[in-house]
Each structure stands twice: as structure tokens, then as C-alpha cells.
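Participant: Mind having a look at this structure? Questions to follow.
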Amino acid sequence: MASNTPAEYISHHIQNLTFGKTEDGSLGFAHSAKEASEMGFYAINVDSMFWSLLTGLIFCTVFKMVASKVSVSEPPKIQLFVELVIEMVAGSVKDAFHGKNALIAPLALTIFVWIFLMNLLDLVPVDFIPHLSYLAGIEYMKIVPTTDVNVTFGLSLSVFFLMIFYGIKVKGLGGFFGELAFHPFGKAFLPVNLVLETVSLVAKPLSLSLRLFGNMFAGELVFVLIAALVPFYLQFALSVPWAIFHILVVTLQAYIFMMLTIVYLGQSHESH
């Protein structure tokens, strides 16, 4: 990793492995943040895609394995842990969602566990995976997908489309757009209502994505700053307390994203 100064080190560690159309028109990987930005909208952050799909595969594999080997008399510890997570999610859905939709609980479980696993990668030492990748000839490697705003925005857009879909399905097209036009001040203030409700609607996916991205990126940046600016013999003393505290952030951000998803979809099912 060619990073002779702290600034170069930090810049290297927060840069994604981006694949897209290069300046000469061919497809390839970007070798700097400037090249990555010039690739435009259709560029792909390969590392974010890889680690998000890997954590999703781990989630599906572990839960399927537990479900296929459920034991009532002598449940293994992994089964007890999975049951604890499922009960927590089911309780949250029961408290916050009052409609009838069999999709909400599985969706909430998927969101919580998947985001938690992606966030948990932030606790891997900052130089471990990038160094192995560099030895393999890969210049950049960010392993925490939720520190990429493209990933968090993609998750929030999925929730946003579900909100619109169920809003129209439950309330009808007239009811859905009637809420935008006639609330909260009635028909006489239609333009004001429309502006306020449209801003409120659009702000939901933005708040979901930026909250998760901001918290996780800030947490990752602290680890990178410690590694870049603090002498090696002091890094352990600073990194461990921050990692312990960051476990709370990792879990809390996954829980908040899940709860807001439940609440937003609950509002879409209210047909008053």
C-alpha cells in the first residue's frame, strides 16, 4: 500500500475498489479517488458488493442450517441465539406494526441481521484485509459495506418502494395521493400540504441511508485515524476501548434501521 504520509494512508483506506469505464473508454479499476469519480453513475464499488453479498450469504446459510436442525430437547447454543434474535424482532414488529402483512417480520429480521453483520466488519483491524488484498495485487479494499453511501441508500430505497407500494395497495391511488394533498391542513391549503408531505416522504429514505452511513463511516474513520496518527505502541490502548464502544453503535444502528422500517411500513398500512 503506497501510503507514505498519514494523509495518503487515510485516503487509501477510505477509497473503494471501483470498477467502471476509464478515461480511454475501456473497462477497468480506478487507481485514485479522482478516477473513481470520473467513472460516473454506472461505476460499481466491487468491494462493497462483495462484502455485502458475502454477509448476506452467511446470514442465509446460518439461519437455514439452524432451521433444518432444530432441536427441542437439546438445542445448541447457535439455535438459542437465533431464537433470541427472532423473538426480539417479532416483539418489535408486534409493538410497532398494527396491520396485517406476513412480509414485515421476515423483512425486519433480514434488515437487522444483515446490517448488523455488515456493520460488524468494522471491528476487523483496519490494515488486515487491505494488506492481504495488496499482496494479492488489489490496490483498494474497504470491507464495511455500510460505510459506502451507495449501499445504505440502496437499502433505504428498497424500503421506500415498499412504502409506496403498500401505501397505494392499502389506501388506493386516491387515498395515497390524497394524504399528500390534503394533510395536515385540509383542502384549502393543498399547495402547502403537498410541499410538506412530499418533503416528509422523500426525507424518509434519505434519513435512513445517511444516518446509517454517517455513523458507520465516522466509526471506521476513527480506527483509521488511530492507525495513521498514533504511535504503534499506543494504538492497542486506544483501539480496544473504541472497539468495545463501537459494538454498541454497530448493534444500535442495525436496530434503528429495522425499527424505522417497521414504523414507516406501519404508516403505509394505516387506512384512516
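The values are calculated or read from the model by the stated rules, or taken from the named source; none is laboratory data. Note that this is a predicted model, so its numbers are computed, not measured. Note: ideal-geometry Cβ built from the backbone for every residue, glycine included; neighbour counts use all protein chains shown.
Participant: Can you name the residue in the stretch 59-112 that is at pLDDT below 90 and hydroxyl-bearing (S, T, Y) and, of all such residues, is nearest to the chain's Cα centre (by Cα)?
Facilitator: Within the stretch 59-112, the match that is nearest to the chain's Cα centre (by Cα) is S71.
Participant: How many of the residues making up the stretch 30-44 are more than 17 Å from H12 (Cα to Cα), touching a strand residue (DSSP E or B) at 6+ places or on another chain (Cβ under 8 Å) and either part of a helix (DSSP H, G or I) or not hydroxyl-bearing (S, T, Y) (or both)?
Facilitator: Filtering the stretch 30-44 down to residues more than 17 Å from H12 (Cα to Cα) leaves 38-44.
Restricting the remaining residues to those that are touching a strand residue (DSSP E or B) at 6+ places or on another chain (Cβ under 8 Å) gives 39-40, 42-44.
Now narrow it down to the ones that are either part of a helix (DSSP H, G or I) or not hydroxyl-bearing (S, T, Y) (or both): 39-40, 43-44.
Number of matching residues: 4.
Participant: Tell me yes or no: at least one residue of the stretch 120-127 is farther than 21 Å from S92 by Cβ, assigned to a helix (DSSP H, G or I) and touching a Phe, Trp or Tyr at 6+ places or on another chain (Cβ under 8 Å). Show your work before the answer.
Facilitator: As a first pass, look at the stretch 120-127 and keep what is farther than 21 Å from S92 by Cβ: 121-127.
Add one more test, that the residue is assigned to a helix (DSSP H, G or I), and what stays is 121-123.
Restricting the remaining residues to those that are touching a Phe, Trp or Tyr at 6+ places or on another chain (Cβ under 8 Å) gives 121-122.
Looking through the stretch 120-127, at least one residue is farther than 21 Å from S92 by Cβ, assigned to a helix (DSSP H, G or I) and touching a Phe, Trp or Tyr at 6+ places or on another chain (Cβ under 8 Å).
Matching residues to (1) part of a helix (DSSP H, G or I); (2) within 24 Å of the chain's Cα centre (by Cα); (3) under 18 Å from V263 (Cα atoms); (4) not aliphatic (A, V, I, L, M):
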position	(1), (2), (3), (4)
V199	yes, yes, yes, no
V202	yes, yes, yes, no
L208	yes, yes, yes, no
R211	yes, yes, yes, yes
N215	yes, yes, no, yes
E220	yes, yes, no, yes
L238	yes, no, no, no
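Participant: Which of the residues that make up the stretch 234-259 are hydroxyl-bearing (S, T, Y) and more than 25 Å from S209 (Cβ to Cβ)? Before you say what the answer is, go through the steps one by one.
Facilitator: The initial filter retains those residues of the stretch 234-259 that are hydroxyl-bearing (S, T, Y), namely 239, 251, 255.
S239 - this is the single residue of the stretch 234-259 that is hydroxyl-bearing (S, T, Y) and more than 25 Å from S209 (Cβ to Cβ).
Participant: On to the next question. Which residues, counting only those in the stretch 89-102, are under 18 Å from F63 (Cβ atoms) and in contact (Cβ under 8 Å) with a residue 12 or more places away in the chain?
Facilitator: V89, A90, S92, V93
Participant: Could you count how many residues in the stretch 222-272 are surrounded by fewer than 15 Cβ atoms within 10 Å (Cβ to Cβ), within 22 Å of V149 (Cα to Cα) and in contact (Cβ under 8 Å) with a residue 12 or more places away in the chain?
Facilitator: Total meeting the criteria: 1.
Participant: If you don't mind, there's one more thing I want to ask. So which pairs qualify, if the first residue must be in the stretch 113-137 and over 26 Å from S209 (Cβ atoms), the second must be assigned to a helix (DSSP H, G or I), the Cβ gap must be under 9 Å, and the two must be at least 6 apart or on different chains?
Facilitator: Hits for this filter: P125/F223; P125/A227; P125/S239; D127/H13; D127/A227; S133/D47.
Participant: Determine whether the stretch 137-145 contains at least one residue that is modelled with pLDDT of 90 or more, out of contact with any Leu (no Cβ under 6 Å at 6 or more places or on another chain), crowded, with 16+ Cβ neighbours inside 10 Å and assigned to a helix (DSSP H, G or I).
Facilitator: Checked the stretch 137-145: at least one residue is modelled with pLDDT of 90 or more, out of contact with any Leu (no Cβ under 6 Å at 6 or more places or on another chain), crowded, with 16+ Cβ neighbours inside 10 Å and assigned to a helix (DSSP H, G or I).
Participant: Of the residues that make up the stretch 63-70, is at least one in contact with a helix residue (DSSP H, G or I) (Cβ under 7 Å, 6 or more places away or on another chain), farther than 30 Å from V170 by Cα and in a loop (DSSP other than H, G, I, E, B)?
Facilitator: Yes, because at least one residue in the stretch 63-70 is in contact with a helix residue (DSSP H, G or I) (Cβ under 7 Å, 6 or more places away or on another chain), farther than 30 Å from V170 by Cα and in a loop (DSSP other than H, G, I, E, B).
Participant: Still on this structure, I have one more. Using the structure shown, decide if L208 is closer than 30 Å to Q267 by Cα, in contact with a helix residue (DSSP H, G or I) (Cβ under 7 Å, 6 or more places away or on another chain), free of Cβ contacts under 8 Å to residues at least 40 places away in the same chain and of a type in the set (A, V, I, L, M, F, W, C).
Facilitator: Working: closer than 30 Å to Q267 by Cα: yes; in contact with a helix residue (DSSP H, G or I) (Cβ under 7 Å, 6 or more places away or on another chain): yes; free of Cβ contacts under 8 Å to residues at least 40 places away in the same chain: no; of a type in the set (A, V, I, L, M, F, W, C): yes.
Here the answer is no, as L208 does not meet what is asked.
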